[in-house]
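Take a look at the structure set out below.
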Amino acid sequence: MTYPWADDETLALMDMARKFFLTESVPHREKAEANKHVDRELWRKAGSVGLLCAGISEEYGGGGGTLAHEFAILTAQASTGDTGFGNSVHTGICAHYIDAYGTEEQKQRWLPGMASGDLVAAIAMTEPGCGSDLKALRTTAIQDGDEYVLNGSKTFITNGGQADLVIVVCKTDPAAPGVSGVSLVVVETQDQPGYSVGRLLDKMGMHASDTAELFFDNVRVPVTNLLGQAGRGFHQTMQQLPQERLILAVIGVAVMEAALAETVEHTKNREAFGGTLFDLQNTRFVLAECATLAKVARTFVDDCVVKHCRGELDNSTASMAKWWVTETQGQVVDKCQQLFGGYGFMWEYPITRMAADGRVQRIYGGANELMKELIARSL
């Protein structure tokens, strides 16, 4: 397959990344699902071969590549069915927050460890009572001299259980109305008094993904750990959210393509009614519909990636890509799963994992209903 945003070097990286996940991650999936997280060694292995922070400057330990290199890695990972390794958050989101808003000292302190896999990063935005509504944030970081004192809790945090760095979205000015007074404060979790990780959450899918509750009880961090300007946190998240939403679309179309390939192979080999499943007209029609949806999604997503790599992807289009591709992902995977019959309900079959793991795509990164509201505001 060719991609308008990928040159030969990027395609070679995609191929290498796919082989890495098939060798280093997928064979250990059952262990990771039982533990509810991948081994820390996987992070270091990924860092050693350049799969972390690929689009971050070499000056800060990154790969010195472009966003296209990161999308190639994410495409490769999604194509293997690996949903446990949280690089989409670690590299795709956290590293770019630090790169965009961090001081020189912050970049030099955090990014090299993130690129090597010695530091795992998370972003803590969602709270038990607010979901996607940042106006309702309750976590606070009140300045006391040269420190912030953090209090509050977060939930559904990817990489939360293993995180060494947590970018906390909080209110540094609780009296400010709405999203005013929201800031980003980085907590370095190792031996941090008052910081605690709650349970690793039991989920419908993505069982190998480290998803946790986090608690902050008078956690003191230096004021120098403020990321960007105080009170500008909401605006910073709005600037970064198009990339997060595009990441979900990139993953979504890669899963569609993987589901289609799995199903075509299955139906051509599965004997039924004196032939194969693929011989039945209904099967061929369903697969034709899925192939068309996947093709349209691929064309749309590739165009979005090209625009984003040029700095031209707007919030509305990113929201369109997020909601439509993830919604279509659900439709395609469901149609494919049906063609597996009873085997499509068995956990050892990749299509079953795709169905369970993919359901959250319509929820996180901003629920699809919110995406439609954002699009409507631009009309």
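Can you pull the percent of region 117-243's accessible area that's carbon plus sulfur, 1.4 Å probe, other chains left in place?
On region 117-243, the fraction of accessible area on carbon and sulfur atoms equals 50 percent.
For region 145-255, what is the Kirkwood hydrodynamic radius in Å, using each pair of distinct C-alpha atoms?
Numbers: mean 1/r = 0.0650 Å⁻¹.
After inverting the mean inverse Cα-Cα distance, the result is 15.4 Å.
Using a 1.4 Å probe and counting only protein heavy atoms, arrange H90, H266 so the residue with the most accessible area comes first.
Numbers: H90 0, H266 30 Å².
Sorted descending by solvent-accessible area, the residues read H266, H90.
Provide the per-residue ³J(HN,Hα) series for region 161-171, in order, calculated from phi with Karplus coefficients 6.51, -1.76, 1.60 and θ = phi - 60°, each as a whole number of Hz, with x at glycine and proline positions.
For region 161-171, the Karplus curve yields x, 9, 4, 8, 10, 10, 7, 9, 8, 8, 9 Hz.
Using modelled amide H (1.01 Å from N, peptide plane; none on Pro or chain starts), what sits under 5 Å from the amide H of A272, excluding residues fewer than 5 places away?
For A272, whose amide H was placed from the backbone, the distant partners under 5 Å are L277.
In terms of modelled amide H atoms, which long-range or inter-chain residues lie less than 5 Å from the amide H of E147?
V223
Could you tell me which of the pairs K19/K372; K19/K335; K268/K307 are separated by over 30 angstrom between their Cα atoms in the structure shown? Kindly include the intermediate steps, with their values, before the conclusion.
Numbers: K19/K372 37 Å; K19/K335 28 Å; K268/K307 38 Å.
The answer is K19/K372; K268/K307.
Please turn the phi angles of region 77-92 into ³J(HN,Hα) values with the Karplus equation 6.51 cos²θ - 1.76 cosθ + 1.60 (θ = phi - 60°), one per residue in order, whole Hz, x for glycine and proline.
My calculation for region 77-92 gives 4, 4, 5, 8, x, 7, 10, x, 7, x, 5, 4, 7, 4, 8, x Hz in order.
Once you have the alpha carbon radius of gyration of the chain, what is it after dividing by 2.2 N^0.38 Å, with N set to its residue count?
The chain yields a ratio of 1.00.
Figure the gain on full extension for D303 and V26 (residue separation times 0.36 nm, minus the Cα-Cα span) and round it to one decimal in nm. Before the final figure, lay out the partial values.
Details: separation 277, 0.36 × 277 = 99.72 nm, distance 2.98 nm.
Full extension of this stretch gives 96.7 nm more.
How big is region 140-190 by the Kirkwood estimate over distinct Cα pairs, in Å? Write out the running numbers ahead of the final one.
On the way: mean 1/r = 0.0842 Å⁻¹.
Value: 11.9 Å, from the Cα pair sum.
Evaluate Rg over Rh across region 192-265, taking Cα atoms for both radii and Kirkwood's formula for Rh.
Numbers: Rg = 18.8 Å, Rh = 16.5 Å.
Radius of gyration relative to Kirkwood radius: 1.13.
In whole Hz, with x marking every Gly and Pro, tabulate ³J(HN,Hα) for region 172-182 from phi via Karplus 6.51 cos²θ - 1.76 cosθ + 1.60, θ = phi - 60°.
Taking θ as phi minus 60°, the curve returns 8, 9, x, 7, 5, x, x, 8, 5, x, 7 Hz for region 172-182.
The values are calculated or read from the model by the stated rules, or taken from the named source; none is laboratory data. Treat the numbers as computed from the prediction; the structure is a model and nothing was measured. Each accessible area value is taken on the protein alone, full model and side chains, heavy atoms only, with ligands, DNA and RNA left out. Shrake-Rupley method; radii C 1.70, N 1.55, O 1.52, S 1.80 Å.
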